Amino acid sequence: MSLRFPYRFRLRPNLLTLAAALACALPAAAQYPGQVSTTGNAPTLRAVSVFEWTGDEQHPNASRIIPITVFDGQQLQDGGLYLASPEPLSLQTEVEYQLKQDGKNVGLFIIQNAALEQGSWVGHGAFKELPKPKPVAPPMWKGDEDDVASDEPVLHRKHHADDSSSSGGSASSSSGQSGQGSPSDSDRPTLHRSGDANSGSSSSSDSGTASNAPPPDPDRPTLSNPPPSPPASSAPDSGRPALKRNSGDDSSYVTSMDSSSDPDRPQMVRGKTDYAGPAVMPSFVGVPANMDQAVAVSDPRNSPEHLWSYSWANPGDEARYKADLEDIARTALGLNPPPAPAAPKKSTATKSTTGHKTQLTLPPAPAPLLDEQFHVFELAYGSGATIVLSAHTAGTGADEKFVTLIAQPDLYGGLVVLMKNVTDAADLDQTPRMRLIDAVDAMADNRGELLFELRGATERQFALYRVLRGQATQLFVTGSREFGPAND
């Protein structure tokens, strides 16, 4: 229930006051500093990026990281803009990414520096193999432990005639009493501590022994320490070159050299320069034809692997669904001929008789699909199969067409198409083609999303799609990124 004042008591807003308030609020909202916690506990972030490389994945010729999203615990943020000061948080130095293929960890990528390339942030670094697991010793059974314990040698103390009959109690009582024990052996050698403040007799005996010692031999050689060398001057030598020494390496040294009288001889300036350049230089620009892509995830929590591959109950179902989805793709691309008018036919093969020869007519072979990609995922435990197919036709311009389908099997053995993307090379600026990268858990909820690249003629974007309840919904899309000509 809200209280309302009579009309004569209502305050009319001042336009100048509202304008001033909006002017103060707009700069604060233009730059998003990230999620600020009032409890003092920073949120656990999860970054998703795309690893692009050429050559071998473990030994790439060129590689880079493209930031996609950062999940701050509440919502997805743009990875290329989140906490950029100046580089984004997802591309800061020493950030470690796990490279994944179908949910399986295949390697690590360590960010060493970030750079702006064609107006977008890109990370550069080095590929690192996964650490090998330590071998685990097989468990030992109790019977084996008993056998090992029975084989251990046991040491026994030899008993003498003057020892007490009770070994345990007498030993402990004799050890606890000071000054009492068995009579000492006169022939047993004893050690005396020199300079003992608690025993005066020992010091006197030592002094007496020292006084009765024979005089020193004048011909006996003696050792003497060399005279200490004068301390080195602490003033630095301005002409001596300085080298950075590796830790633990003391075998090499450098002596000072006289300055040369040659005026054309190059000179080395001592000290550090203002800028030494990035740790890893940009290796390739644009989108080469031989470029590969993989999902990269950075999360401080050590989560177990979540594989997205789907296991068919019937091995023949995969081939049947693939053939059905290929037929839907050919129809979407216009490759299937229009259906002929209905005519009574007993079989697809017809016979034509000409004279004494019989000719067998077969249906035409299906049109080929180029660069076909077929993937089946289980995006959540027990969620069923999610099928993604992408392909294109031959030709150039409007004749080269692209298709991407997301489908799921229904209860009756058919296919339900959840999303269909069809475009051609002449209209990529209006309708970009969808290229599947992989499935990824972007929000750490054990549910996979489909990560696509939306590639146009000169720009590209990245989008996350969630498949849930028979629908494919776009969760997030990045800003447009320009790419130049291929740099093969």
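What follows is calculated from the coordinates using simple rules that are stated; it is not laboratory data. Computed from a predicted model, the values in this text were never measured in an experiment. In this analysis, Cβ positions are derived from the backbone assuming ideal geometry, glycine residues included, and neighbour counts consider all displayed protein chains.
Take the residue pairs 128/401; 104/134; 100/322; 322/401 and return only those whose Cα atoms are more than 29 Å apart. Kindly include the intermediate steps, with their values, before the conclusion.
On the way: 128/401 39 Å; 104/134 19 Å; 100/322 25 Å; 322/401 20 Å.
From 128/401; 104/134; 100/322; 322/401, over 29 Å: 128/401.
The calculated FRET efficiency for residue 458 paired with residue 313, based on their beta-carbon distance and R0 = 56 Å, is about 0.80.
Between residue 57 and residue 446, residue separation times 0.36 nm minus the direct Cα-Cα distance comes to 137.4 nm.
Name the residues of the range 405-422 whose amide N is less than 13 Å from a point 7 angstrom out from the Cα of residue 324 along the C-beta direction? Label zone hits: 407-418.
How much FRET efficiency would the formula 1/(1 + (r/R0)^6) give for residue 293 and residue 106, where r is the Cβ-Cβ distance and R0 is 22 Å, rounded to 0.05? Walk me through the numbers on the way to the answer.
Numbers: r = 13 Å, r/R0 = 0.59.
Between residue 293 and residue 106 the formula returns 0.95.
A simple packing score, the average count of other Cβ atoms within 10 Å per residue, orders the peptides 461-471, 302-312 as 461-471, 302-312, with the highest score first.
With θ taken as phi - 60° and the Karplus curve 6.51 cos²θ - 1.76 cosθ + 1.60 applied, the whole-hertz 3J(HN,Hα) list for the range 374-388 is 10, 10, 10, 10, 10, 6, 8, 4, x, 8, x, 8, 10, 10, 10 Hz, x standing for glycine and proline. Set the Förster distance to 22 Å, then compute FRET efficiency between residue 394 and residue 331 from the Cβ-Cβ distance, nearest 0.05. Efficiency for this residue pair is about 0.80.
With one equal scatterer per alpha carbon and no solvent term, the Debye-computed log10 I(q)/I(0) for the range 369-438 at 0.15, 0.19, 0.22 1/Å reads -0.55, -0.79, -0.95.
In sequence order, the range 322-332 has phi-based couplings of 5, 5, 5, 5, 5, 5, 5, 5, 5, 5, 5 Hz under the Karplus curve 6.51 cos²θ - 1.76 cosθ + 1.60, θ = phi - 60°, and Gly or Pro positions carry x.
Packing, taken as the mean count of other beta carbons within 10 Å per residue, orders the peptides 112-120, 411-419 from highest to lowest as 112-120, 411-419.
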